[in-house]
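Below you'll find the structure, written out as structure tokens, and then a few comments.
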Amino acid sequence: MTTTSEYGRPIPVPDESSAGFWEAVRRHELAFQRCQHCGRFAHLPVAFCRGCHNLDNPSFAFERVGGRGHVVNWTVIHDHMVAGFQGSEPLVHVLVRLDEQEDLLFPATLIGDTEKLELLAPVEIVFRDVADGVTLPYFQLL
């Protein structure tokens, strides 16, 4: 992670394994690595599929997902210890189970009204362009 003067908070620095994810996010799409043998999604990116365990010829592509799911856990952060977040309002971080696959989980910040946050609350992805060429994914309650 690094920071930009415009946004003032940490921003992601894609590496070889995450570049496909961040390229999709810049297009305001959510895409995860998917095994081309068995169709199983993986996040975070993996070197071999945990579904079919194909070690001889692993093959993955980043494929778009719908961006809807349900909150399976959350935490509210009041004490911001990371540079760029001090003095901010509390942040609500959620763990979302995406609709495409029972064990496809994605952690993100929940934005908007959080009054009706509860276990299994439905959410959808929202994208924010925070700096030139930098887009971040968030979730909001439906």
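The values are calculated or read from the model by the stated rules, or taken from the named source; none is laboratory data. Note that the structure is a prediction, hence the values are computed from the model and not measured. Cβ placement follows ideal geometry from the backbone for every residue including glycine, while neighbour counts extend to all protein chains displayed.
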Kindly evaluate Pro137 against the criterion of being under 23 Å from Arg40 (Cβ atoms), of a type outside the set (A, V, I, L, M, F, W, C), surrounded by 12 or more Cβ atoms within 10 Å (Cβ to Cβ) and out of contact with any Phe, Trp or Tyr (no Cβ under 8 Å at 6 or more places or on another chain). no
Tally the residues that are within 16 Å of Ala42 (Cα to Cα) and either modelled with pLDDT under 95 or surrounded by fewer than 16 Cβ atoms within 10 Å (Cβ to Cβ) (or both), restricting the search to the range 64-94. 2
Among the residues listed as Phe41, Phe32, the single one being farther than 16 Å from Leu136 by Cα and not assigned by TED's automatic domain parsing to the domain that holds Asp132: Phe41
If we ask which residues in the range 16-50 are among the hydrophobic types (A, V, I, L, M, F, W, C), in a loop (DSSP other than H, G, I, E, B), surrounded by 13 or more Cβ atoms within 10 Å (Cβ to Cβ) and touching a residue at least 24 places away in the same chain (Cβ under 8 Å), their number turns out to be 0
Subset of the range 22-45 that is among the aliphatic types (A, V, I, L, M) and at pLDDT 95 or above - its residue that is nearest to Gly133 (Cα to Cα): Val25
Consider Glu102 against the criteria (1) under 16 Å from Ile125 (Cα atoms); (2) of a type in the set (Asp, Glu); (3) surrounded by fewer than 14 Cβ atoms within 10 Å (Cβ to Cβ): it satisfies all of them except one. Which criterion is unmet? (1)
Among the residues in the range 4-21, are any touching a Cys at 6+ places or on another chain (Cβ under 9 Å), modelled with pLDDT of 90 or more and either of a type outside the set (A, V, I, L, M, F, W, C) or within 17 Å of Ala108 (Cα to Cα) (or both)? no
Test result for Glu6, surrounded by 12 or more Cβ atoms within 10 Å (Cβ to Cβ) and closer than 20 Å to Ala131 by Cβ: no
Residues of the range 124-142 being modelled with pLDDT of 95 or more and under 21 Å from Ala24 (Cα atoms), in sequence order, are Glu124, Ile125, Val126, Phe127, Arg128, Asp129, Thr135, Leu136, Pro137, Tyr138, Phe139, Gln140
Evaluate the range 111-123: report whether one residue or more is within 18 Å of the chain's Cα centre (by Cα), under 22 Å from Trp22 (Cα atoms) and either exposed (fewer than 14 other Cβ atoms within 10 Å of the Cβ) or modelled with pLDDT of 95 or more (or both). yes
